[in-house]
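K.L.:
This is the structure, below, for whatever I ask next.
What follows draws every value from the coordinates through simple rules; no lab data is involved. Treat the numbers as computed from the prediction; the structure is a model and nothing was measured. Here Cβ is always computed from backbone atoms with ideal geometry, including for glycine, and neighbour counts include all displayed protein chains.
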Amino acid sequence: MSTNGLSKPRILTGDTPTGRLHIGHYVGSIENRLALQDQYECYFLIANKHAFTTRADKPDDIRQSVIDIATDWLAVGIDPNKSAMVLQSEVPAIDELTFFFAMLLPFNRVMRNPTLAQEIKDKDLGDKYPFGFPLYAVGQCADILAFRPLLVPVGEDQIPHLEMTREVARRFNQLYCGVNPHVEDKDHLAKGGLFPVIEPKLGRIRRLVGTGAPNPETGQLYKMSKSLNNAIFLSDDADVVTKKVMSMYTDPTRLRATDPGHVRGNPVFTYHDAFNPNHEEVQDLKSRYTKGKVGDVEVKQKLVVALNTFLEPIRQRRAELEAQPGYLEDVLAEGSRKARAEARETLRLAKDAMGLNYFPKARARVESLV
Ligand code: TRP
């Protein structure tokens, strides 16, 4: 694997601080981050500036969400000794890159990004959204490329943003680094490109469904999402998890425990598959369910146990963190400091490639001072 001239290949990914993280985030992307922490140099970004694109009037909420996400990350086991936890607003080089990258994407291309279009619909933004809203998608290209990573672990909804990032990298390398348009994505660095044409890494479960009933129009189950009120949060205590699971949507065609039930598309079994490590138990429940030999209550009670077993160590680490005020601030300050240096170096290389290095002598003097 090409390491881009760096000692370890890099990963960058992030979350927009819009609230606490739930078990859908866990299987979508967090699990991958935890698994890759040892082999890769990791940067995990809290995209707090992006939060302002739809909630500029709620700075206090955004501030609280940053703390919630950072706490969730540490609680699930992100290790700040291995991975940099980065606050986007502390890395100004990202913004400078955003401006340059905005020239490499046609305006209509950005507006056709399906994730943006979906968000405009879901959040009912109509035509009232600020100029900065679509700009965030360009900003995300800069979040990523500022660290020149090879892999970007994300949930499925982020793929359109990563495709745009790949286009920006190719275009930059072709325009400013002399990379021939016929060069394959994997060869861009070897052929003199500055930016890797990054690869997405999807999670074990791409789109975890929520706890509630399906969309009445389409019959499709909704994705787990805080705003749809159908999420189980990583920070939910055991009682809350019990309540949420016991009132979960299951198989609507089944009126009695003796009716044969459906396992496929039944969220209770989707969660068993995702979070119950006792495969025999899950198989047994499924086979009894389809024969009408087990009630929803037993299936749900076993799911409660599985989920609470999974969440318990996370709760314990959260409690430990809460007993150490000031620790979170240190972690974010240190991660952001490391990120700032790396992103500044990328920006310098990008400006060199673009012919924006007007004062090399002065820069050498300044650099000898820092
Ligand atoms: N847009 C992502 C989300 O809403 C968060 C994000 C911002 C991100 N910058 C990123 C994800 C860079 C991956 C890489 O969850």
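K.L.:
Give me the dipole magnitude in Debye, nearest 20, for the range 206-245 about the Cα centre, with unit charges on the beta carbon: positive for Lys and Arg, negative for Asp and Glu.
P.N.:
In debye, rounded to 20, the range 206-245 gives about 200.
K.L.:
Which Cα, out of Thr13, Leu145, Tyr271, lies furthest along the positive dipole direction of the chain (beta carbon charges, K/R +1, D/E -1)?
P.N.:
Farthest towards the positive end: Leu145.
K.L.:
Mind checking which lysines have their C-alpha under 20 Å from Lys58, skipping anything on the same chain fewer than 8 residues away?
P.N.:
Lys49, Lys123, Lys128, Lys226
K.L.:
With viscosity set to 0.890 mPa s at 25 °C, what whole-number translational diffusion coefficient in µm²/s follows for the chain from Stokes-Einstein and a Kirkwood radius over Cα pairs?
P.N.:
The estimated diffusion coefficient comes to 109 µm²/s.
K.L.:
For the range 42-142, what are Rg and Dmax over the alpha carbons, in angstrom?
P.N.:
Radius of gyration, then largest Cα-Cα span, for the range 42-142: 15.0, 44 Å.
K.L.:
Another one. Along its principal axes, what span do the Cα atoms of the range 130-242 show, with the longest given first and each in whole Å?
P.N.:
58, 31, 26
K.L.:
Now for a different question. For the chain, what is the calculated [θ] at 222 nm in deg cm²/dmol (nearest 500), taking -39500 (n - 2.57) for each run of four or more DSSP H residues and dividing by its residue count? Kindly include the intermediate steps, with their values, before the conclusion.
P.N.:
Details: 14 runs with 183 residues, N = 370.
Counting only the DSSP helices, I get -15500 deg cm²/dmol.
K.L.:
I've got another one for you. Restricting to the chain, what percent of DSSP beta bridges are antiparallel, rounded to 5?
P.N.:
Working: 2 of 18 bridges.
Here the antiparallel bridges make up roughly 10 percent for the chain.
K.L.:
A further question on this structure: Compute the FRET efficiency between Glu322 and Arg55 as 1/(1 + (r/R0)^6), taking r as their Cβ-Cβ distance and R0 = 25 Å, and round to the nearest 0.05.
P.N.:
On the way: r = 26 Å, r/R0 = 1.03.
The computed FRET efficiency comes out at 0.45.
K.L.:
For the range 109-259, with only Lys/Arg (+1) and Asp/Glu (-1) charged at the beta-carbon, what is the dipole magnitude about the Cα centre, in debye rounded to 20?
P.N.:
180 debye
K.L.:
Once phi is turned into θ = phi - 60°, what whole-Hz ³J(HN,Hα) does the Karplus curve with 6.51, -1.76 and 1.60 give for every residue of the range 83-91, x standing for Gly and Pro?
P.N.:
Whole-Hz 3J(HN,Hα) from phi for the range 83-91: 10, 7, 9, 10, 8, 3, 5, 9, 10.
K.L.:
Continuing with this model, one more query. For Glu41, which sequence-distant residues (separation of 5 or more, or a different chain) have an amide H within less than 5 Å of its own amide H, given hydrogens modelled in the peptide plane?
P.N.:
For Glu41, the qualifying residues are Arg10, Ile11.
K.L.:
Placing +1 on the Cβ of each Lys and Arg and -1 on the Cβ of each Asp and Glu in the range 1-154, which of Ile30, Asn108, Ile94 has its Cα farthest towards the positive end of the resulting dipole?
P.N.:
Of the listed residues, the answer is Asn108.
K.L.:
Can I ask one more? Using all Cα-Cα distances in the range 182-234, what percent lands in each 10 angstrom bin from 0 up to the longest?
P.N.:
Over the range 182-234, the share of Cα pairs per 10 Å bin runs 20, 28, 15, 17, 19, 1 percent.
K.L.:
Taking the range 222-262 as the region of interest, what is the percent of Cα-Cα pairs per 10 angstrom bin, listed from the shortest bin to the one with the maximum distance?
P.N.:
Calculated P(r), rounded to whole percents: 25, 41, 28, 6.
K.L.:
Let me ask something additional. Considering the chain as a Gaussian network with a 10 Å cut-off on Cα pairs, which listed residue, Ala319, Ala274, Ala51, attains the greatest mean-square fluctuation?
P.N.:
Maximum fluctuation in the GNM of the chain, among the listed residues, is at Ala319.
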